[in-house]
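Here's the structure, in structure tokens; my notes come after.
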Amino acid sequence: MDQPRKRKTAAEADPGRATNAQSGGIAERRRLRIRAAWMYYVEEMTQSEIAERLGIGRVTVVRLLSDARERNEVKLSIEGELSECVRLERLLEQAFGIGEAVVVPVSDDRDPAHSIGTATGDYLSALLKPDMTIGVGWGRTLYRALGSIGERPINDLKVISLLGGITKAREFNPSEFAWQFASLFRAESYLLTAPAFVDSPETRRALIERCGLKEVFDQAERMDVALISTSGMEPDTTTFKHGLVTAEERESLIRAGAVGDCLCTFFDATGQTMDHPVNRRVMAVPLETIARIPKRILASGGKGKVPALQAFLPAMKPTTFITDEVSAKAILKGAAKGKR
């Protein structure tokens, strides 16, 4: 009796088809690998953003980037723009007595917040250790840092929000940022559970002295690290855009000589905190306290912030300054003019 004929698989029926399918898989993998590398190294996207864009897991992104380096599909050389950034770092350190400057490349027409934030996240990932206390500010630049911070538990790390909360700007809410930052490290967090601005100096004093917020201010005095940013006086900055400070108050601040703010605390062209009604109502750790912290990281840049940074850098004397190359050049140019 004849045995039933075994049905051939598609591969057996057409060996070339199997080879083509395998080659197609290899080609697709390579395409995905190159695309992930381009997004990471050229577009400066974080691994989480790449994973979301490509619809894959973050672990897969890490593996793709590692494979791309091992296969020499990614070649890094320190020349051109990067060597210029290193030169600017040294000049900033010399001009302002900064312990360490980090300058990232950016195109003239691009918002540098993402690039500065990415560099800040990488810097913090290497810096933070057990038994540290870090105070954090707020803003678009610092928010961008969250995506590039290496998530891991750090024993006995404390995170302090240096500014009260904001209801109209959820994405950049100081309390929300501090909580998200702390969650990356399973850290203990201390929040200023009050609005960023209150109605009077008397209310501010009462909240600190009689409503339990003094503990946060006391913790701030013992911080190891402070992470802050600055804003200019343009009407489209977060502070003004969301109505935290009214248009009338903004005009009053400008007339009084304000050039920018840090933690919603406005300072003048000498970098000193102004004696202005707006500053008397802000629920923030004073800049004088920040200036006494051993490690002060200032992450900020952008055309509109240059006047503020020129004033704030010599006054705050950050131990680390993270900015972009366009802002660095403008800051140094202004410093050179000031010496003439």
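The values are calculated or read from the model by the stated rules, or taken from the named source; none is laboratory data. A quick note: this is a predicted structure, and the numbers were derived from the prediction, not measured. All Cβ positions, glycine included, derive from the backbone under ideal geometry; neighbour counts span all protein chains shown.
Structure values in brief
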| quantity | calculated |
| --- | --- |
| Hits in region 120-129 - residues which are surrounded by fewer than 22 Cβ atoms within 10 Å (Cβ to Cβ) and either among the hydrophobic types (A, V, I, L, M, F, W, C) or closer than 17 Å to Pro294 by Cα (or both) | Tyr123, Ala126, Leu127, Leu128, Lys129 |
| Which listed residue, of Thr289, Thr239, Thr246, is farther than 21 Å from Tyr143 by Cβ, of a type in the set (Val, Ile, Thr), at pLDDT below 95 and touching a helix residue (DSSP H, G or I) at 6+ places or on another chain (Cβ under 9 Å) | Thr246 |
| Some residue of region 290-301 being buried (at least 16 other Cβ atoms within 10 Å of the Cβ), assigned to a strand (DSSP E or B) and of a type in the set (Lys, Arg) | yes |
| Conditions (1) more than 20 Å from the chain's Cα centre (by Cα); (2) farther than 21 Å from Val245 by Cβ; (3) in a loop (DSSP other than H, G, I, E, B); (4) not basic (Lys, Arg): number failed by Ala206 | (3) |
| Gly304 vs. criteria assigned by TED's automatic domain parsing to the domain that holds Leu88 and at pLDDT below 95 | yes |
| First in region 175-186 and within 17 Å of Met132 (Cα to Cα), second anywhere and buried (at least 16 other Cβ atoms within 10 Å of the Cβ) and among the charged types (D, E, K, R), Cβ under 9 Å, 6 or more apart | Ala182/Lys158 |
